[in-house]
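Shown next, in structure tokens, is the structure this report addresses.
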Amino acid sequence: MLQRADAQGRARRYGVRMHVRPATPADFPALKPMLLDMGFVEDESALERRFPSFCGNPLRPVLVAQADGGEVAGYAALHDYGPHLRSGESHRTAKLEDLYTVPGWRRRGVARLLMRAVEDWARARPLRYVF
């Protein structure tokens, strides 16, 4: 099991340090098999063209779990819906669109680490709900 993450979103898993960070366009080759495995990809070339627009987008972040050795172990994709029509910022919500762990890293706490990063992201916005 992963140990508790420190303030930088790092954790140690069986001697491997792991951290969560925002995705960059350079992550696409590592993430592409995961995105395809999630399904519903109608056009792979369109996916590749669209991916950079999600990197650094504060309303549509993609977070990557990466071992310190460089291996990408999973990702989370979010969508912040912005202020609510009636209540403004007090009921702001976001959707966790994807949460994926590479099969070889499953049942080792990677998704838990990503979810902690999602929670930290939500608290910093601040969001009332993530569904």
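The values are calculated or read from the model by the stated rules, or taken from the named source; none is laboratory data. On a predicted model such as this, the values are computed, not experimentally measured, just so you know. A quick note on method: Cβ atoms are made from the backbone with ideal geometry, for glycine too, and the neighbour counts reach across all protein chains shown.
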(1) over 13 Å from the mean Cα position of the chain (by Cα); (2) exposed (fewer than 15 other Cβ atoms within 10 Å of the Cβ) all hold for Thr24 apart from (1)
The residue that is surrounded by the most Cβ atoms within 10 Å (Cβ to Cβ), considering only those in the stretch 29-64 that are farther than 15 Å from Thr101 by Cα and in contact (Cβ under 8 Å) with a residue 24 or more places away in the chain, is Pro61
Apart from one, (1) more than 27 Å from Phe131 (Cβ to Cβ); (2) at pLDDT below 95; (3) outside any strand (DSSP E or B); (4) among the basic types (Lys, Arg) all hold for Arg17; the odd one out is (3)
In the stretch 78-105, anything touching a helix residue (DSSP H, G or I) at 6+ places or on another chain (Cβ under 7 Å), surrounded by 17 or more Cβ atoms within 10 Å (Cβ to Cβ) and free of Cβ contacts under 8 Å to residues at least 40 places away in the same chain is listed as Ala94, Leu99, Thr101
